[in-house]
Amino acid sequence: MQVHAMFNRIAFTYDRMNRLMTAGFDRAWRQEIIRLANLKPDMQVLDLGTGTGDLAWLVFNEVPEISVTAADFSLAMMLEGRKRGNLPFVSADALSAPFADGSFDIVMSGFLLRNTADLDQALKEQHRLLKPGGQVVVLDTTRPVQNPLTPFIWLHMHLIIPALGWLVSGDRKAYIYLSDSSEHFLSAEELAEQMTSAGFVEVGFKRRMAGTIAIHWGRKTS
């Protein structure tokens with residue numbers, strides 16, 4: 001499945017589906033990213049793989065004086081985001097973004113990494129974009145460890161989410177892809193190791209939603 005075409009197809013209902021799939025908790029996770037980033041008015045912030053700009057808008061609302069750039073490869077997603085107001089959106093590939101080395105104090109993303117064609121290159125690109133001492137904060141799905149909730153997680157991912165996707169967006173295949181890509185993505189520990197290999201230091205993570213979501217962070221050396 002062409003990931004780019006898929007996101008263009010589901011752009012109109014993307015935010016609604018995020019709220020439904022996560023019972024609204026996705027907003028709380030994005031707020032947690034904002035707290036971890038420790039934003040200040042003089043910072044340059046990039047929301048890479050911004051989609052409709054959910055995370056970028058939170059940054060702007062938290063610190064209106066801040067410089068925030070919302071970047072994505074899906075024009076349809078960004079057009080949806082522009083309906084909210086005049087946030088700067090930039091067309092960008094997460095593997096080769098059109099920004100100079102060391103352009104940003106913070107690079108953040110929400111549900112980007114598992115959709116990239118080359119995870120190692122995506123992480124190296126985020127490292128390149130950061131100023132020395134800059135911070136990366138990542139929200140994404142993670143492969144959960146086996147626990148008593150595992151059967152219910154499987155039902156939610158493979159039955160409920162595709163059914164919701166069909167009812168809300170008319171695109172069941174896109175949400176089958178979402179479930180499959182989540183199930184086969186790295187564990188939180190493996191992603192932390194890959195971030196370290198990409199050059200980040202002080203790497204850490206927190207699990208959320210019965211271990212199916214993780215927030216990762218790291219820093220570029222000064």
Item to check | Sole residue being farther than 20 Å from Ser109 by Cβ, touching a helix residue (DSSP H, G or I) at 6+ places or on another chain (Cβ under 9 Å) and not in a helix (DSSP H, G or I), chosen from Ala214, Ala210, Ala163 | outcome: Ala210
Item to check | Looking only at region 65-91, and only at residues there that are in contact with a Pro (Cβ under 7 Å, 6 or more places away or on another chain) and part of a loop (DSSP other than H, G, I, E, B), the one that is least open to solvent (accessible area, probe 1.4 Å) | outcome: Ile66
Next on the checklist: I'd like the full set of residues that are at pLDDT 95 or above and more than 23 Å from Arg35 (Cβ to Cβ), limited to region 117-128.
Outcome noted: Asp118, Leu119, Asp120, Gln121, Ala122, Lys124, Glu125, Arg128
Item to check | Answer residue from region 106-132, given it is among the polar types (S, T, N, Q) and assigned to a helix (DSSP H, G or I) and is nearest to Gln2 (Cα to Cα) among those | outcome: Asn115
Item to check | Test: Lys131 is under 30 Å from Asn38 (Cβ atoms), crowded, with 18+ Cβ neighbours inside 10 Å and over 16 Å from the mean Cα position of the chain (by Cα) | outcome: no
Checklist outcome for this item: Note on region 148-170: residues open to solvent by 50 Å² or more (accessible area, probe 1.4 Å) and within 18 Å of Ser187 (Cβ to Cβ) are Leu149, Trp154
Item to check | Residue among Met195, Met157 that alone is in contact with a Ser or Thr (Cβ under 7 Å, 6 or more places away or on another chain), of a type in the set (A, V, I, L, M, F, W, C) and assigned to a helix (DSSP H, G or I) | outcome: Met157
Checklist entry - Counting just the residues of region 106-128 that are closer than 24 Å to Thr141 by Cβ and of a type in the set (Lys, Arg), which one comes out most open to solvent (accessible area, probe 1.4 Å)? => result Lys124
Checklist entry - Across region 174-196, which residue is nearest to Pro162 (Cα to Cα) among those that are touching a Lys or Arg at 6+ places or on another chain (Cβ under 9 Å) and open to solvent by 50 Å² or more (accessible area, probe 1.4 Å)? => result Glu183
Item to check | Pairs, first of a type in the set (Val, Ile, Thr) in region 184-201, second open to solvent by 20 Å² or more (accessible area, probe 1.4 Å), C-beta under 7 Å, six or more apart | outcome: Thr196/Val203; Val201/Arg219; Val201/Thr221
Checklist outcome for this item: Every listed condition ((1) in contact with a helix residue (DSSP H, G or I) (Cβ under 9 Å, 6 or more places away or on another chain); (2) part of a helix (DSSP H, G or I); (3) closer than 20 Å to Gly218 by Cβ) holds for Leu36 save (1)
Checklist entry - Quick check, is Phe60 aromatic (Phe, Trp, Tyr), in contact with a Ser or Thr (Cβ under 9 Å, 6 or more places away or on another chain) and part of a helix (DSSP H, G or I)? => result no
Item to check | Hits in region 116-151 - residues which are more than 21 Å from Ile106 (Cα to Cα) and polar (S, T, N, Q) | outcome: Thr142, Gln146, Asn147, Thr150
Checklist entry - Can we say Ala23 is at positive phi and open to solvent by 40 Å² or more (accessible area, probe 1.4 Å)? => result yes
Checklist entry - In region 118-132, which residues are touching a Leu at 6+ places or on another chain (Cβ under 7 Å) and of a type in the set (A, V, I, L, M)? => result Leu119, Ala122, Leu129
Checklist entry - How many residues, within region 92-105, are in a strand (DSSP E or B) and surrounded by 12 or more Cβ atoms within 10 Å (Cβ to Cβ)? => result 3
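The values are calculated or read from the model by the stated rules, or taken from the named source; none is laboratory data. A quick note: this is a predicted structure, and the numbers were derived from the prediction, not measured. Glycine also receives a Cβ, built like all others from the backbone with ideal geometry; neighbour counts cover every protein chain displayed. Each accessible area value is taken on the protein alone, full model and side chains, heavy atoms only, with ligands, DNA and RNA left out. Shrake-Rupley method; radii C 1.70, N 1.55, O 1.52, S 1.80 Å.
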